[in-house]
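The values are calculated or read from the model by the stated rules, or taken from the named source; none is laboratory data. Note that this is a predicted model, so its numbers are computed, not measured. Positions of Cβ are backbone-derived with ideal geometry, glycine not excepted, and every protein chain shown enters the neighbour counts. Areas reflect the complete protein model, heavy atoms only, side chains present, ligands, DNA and RNA absent. Shrake-Rupley method; radii C 1.70, N 1.55, O 1.52, S 1.80 Å.
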Amino acid sequence: MQGRPDSGFLQWRWKPDGCELPRFDPGTFFEIVRGKTMAFIGDSVARNHVESLLCLLSSEEMPLGIYKDTEGRTRTWYFPHSNFTLMVIWTRFLVRDEERVINGSVTGVFDLHLDKMDKNWASKLPEIDYAILSDAHWFFRKNYLYEKGKNIGCIFCSEPGIKSLDIDSALQMVIKVVLNYINNCKKCRNILTVLRTFSPAHFADGAWDTGGSCNRTHPLGEKEIDLASLDWKIRSIQVEEIKRVRTVARRRRKFEVLDVTKAMLMRPDGHPNSYWGNKWMKGYNDCVHWCMPGPIDAWNDFLIALLRRHAFTDFTWS
């Protein structure tokens, strides 16, 4: 639709070692989630995931759009035949954030409050059965972290008297408090929380705002990806935090990982690059989000496989 001339990126599909990954089946998905509410909680990559899911589900049933905020970032759809509600809830950091303003202009620098959740999603948590969390891309900038009103560190700063934090350690702090909040939610119903691991960007020859692009037309081989990269480090701490919270999980709480990082590290060919049709940011390439159809559709293959494990096993819904 946006003019990308090649289509070879559509011909590749992730294959796990030692097993087959069934393709997403919308009928089976609706059987599992009938009468439930699923929310994707995160930034624009979470929205990208929801858009892929909507496309796949629409072959079985068309949804009704029942809510959209003024910016179109938080939305709700309802599938009447399946009595299934699907939400995407916008949040930058999962915790409460405040953008710093200087002389009336926003700065792109945020204060993050680790002891306060973003109300945009936290207020809706009691009505959610499946919470699909994701976070990370907004941490790649200067951010200050606070706990109980006290500064505990900063990303990308070297200011006297302020502890300097790496991206992964700051992100781990946030993930820890968010998972603890969900685990201790007293008003929540039976809830399966799924943390989707980091979806890597593939900018080459520059960053997003310095001419970086992603013009490859075929995947990387397994030996070509860097498992010592920050992308993989972020994925590892996400997996670690899910393992940690499982050891203290309360009754009616389940925690899972939707592990997409390795599969997506191999797919620099799957981004829109210059073919994304954004009239507000002409001249910038998109190497963060994913083409549809494209590699991101595999996330829903992973998701339904994960849901199957819980649908008819020991997780009894009230």
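S164 is checked against (1) open to solvent by less than 10 Å² (accessible area, probe 1.4 Å); (2) more than 14 Å from R96 (Cα to Cα) and fails just one. What number does that condition carry?
In the conditions (1) open to solvent by less than 10 Å² (accessible area, probe 1.4 Å); (2) more than 14 Å from R96 (Cα to Cα), S164 misses (1) alone.
When the residues of the range 197-226 are narrowed to those that are open to solvent by 40 Å² or more (accessible area, probe 1.4 Å) and not in a loop (DSSP other than H, G, I, E, B), which ends up nearest to K36 (Cα to Cα)? Steps first, please.
Of the residues in the range 197-226, the ones open to solvent by 40 Å² or more (accessible area, probe 1.4 Å) are 203-205, 207-211, 215-218, 222-224, 226.
Now restrict to residues that are not in a loop (DSSP other than H, G, I, E, B): 204, 222-224.
Values: A204: 42, E222: 38, K223: 41, E224: 41 Å.
Checking each candidate, the answer is E222.
If you take the residues of the range 65-83 that are of a type in the set (A, V, I, L, M, F, W, C) and within 23 Å of I296 (Cα to Cα), which of them is nearest to the chain's Cα centre (by Cα)? Talk me through it step by step, then tell me what you get.
From the range 65-83, those of a type in the set (A, V, I, L, M, F, W, C) are 66, 77, 79; that's our starting set.
From the residues that got through so far, the ones that are within 23 Å of I296 (Cα to Cα) too are 77, 79.
On the way: W77: 18, F79: 22 Å.
This residue is W77.
Mind checking which residues of the range 136-151 are touching a residue at least 24 places away in the same chain (Cβ under 8 Å), open to solvent by 50 Å² or more (accessible area, probe 1.4 Å) and either of a type in the set (F, W, Y) or part of a strand (DSSP E or B) (or both)?
The answer is W138, F140, E147.
So that you can scan it fast, the table gives a plain yes or no per residue for (1) farther than 16 Å from F40 by Cβ; (2) of a type in the set (S, T, N, Q):
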{"site": "E98", "(1), (2)": "yes, no"}
{"site": "T107", "(1), (2)": "yes, yes"}
{"site": "A136", "(1), (2)": "no, no"}
{"site": "G149", "(1), (2)": "yes, no"}
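If the Cβ limit is 9 Å and pairs must be 6+ apart or interchain, which residue in the range 1-23 that is over 18 Å from E222 (Cα atoms) and without any contact (Cβ under 8 Å) to a residue 12 or more places away in the chain pairs with which residue that is surrounded by 10 or more Cβ atoms within 10 Å (Cβ to Cβ) and aromatic (F, W, Y)?
Between residues of the range 1-23 that are over 18 Å from E222 (Cα atoms) and without any contact (Cβ under 8 Å) to a residue 12 or more places away in the chain and residues that are surrounded by 10 or more Cβ atoms within 10 Å (Cβ to Cβ) and aromatic (F, W, Y), the close pairs are P5/Y275.
Only one of these conditions is not met by V194: (1) part of a strand (DSSP E or B); (2) exposed (fewer than 15 other Cβ atoms within 10 Å of the Cβ). Which number is it?
Status for V194: all satisfied but (2).
For the range 25-49, give me each residue that is among the aliphatic types (A, V, I, L, M), closer than 30 Å to F140 by Cα and touching a Leu at 6+ places or on another chain (Cβ under 7 Å). Steps first, answer last, please.
Of all residues in the range 25-49, those among the aliphatic types (A, V, I, L, M) come to 32-33, 38-39, 41, 45-46.
In the following step, the residues that additionally are closer than 30 Å to F140 by Cα were identified as 38-39, 41, 45-46.
Result: M38, I41.
Quick one: A46 ticks every box in (1) touching a helix residue (DSSP H, G or I) at 6+ places or on another chain (Cβ under 6 Å); (2) at pLDDT 95 or above except a single one, so which number is it?
The single condition A46 does not satisfy is (1).
Considering only strands (runs of 3 or more DSSP E) fully contained in the range 6-115, which possess at least 2 residues that are under 28 Å from P295 (Cα atoms)?
Numbers: elements: 37-42, 64-68, 75-79, 84-90, 95-102.
Answer list for the range 6-115: 37-42, 64-68, 75-79, 84-90.
Restricting attention to the range 98-131, report how many residues are open to solvent by less than 60 Å² (accessible area, probe 1.4 Å) and in contact (Cβ under 8 Å) with a residue 40 or more places away in the chain.
Taking the range 98-131 as the starting set, the residues that turn out to be open to solvent by less than 60 Å² (accessible area, probe 1.4 Å) are 107-114, 117-118, 120-122, 124-126, 128-131.
Applying the additional criterion that residues be in contact (Cβ under 8 Å) with a residue 40 or more places away in the chain yields 112, 114, 117, 120-122, 124-126, 128-131.
Number of matching residues: 13.
Go through the range 227-276 and give me each residue that's open to solvent by 60 Å² or more (accessible area, probe 1.4 Å) and at positive phi.
Answer for the range 227-276, where residues must be open to solvent by 60 Å² or more (accessible area, probe 1.4 Å) and at positive phi: just R252.
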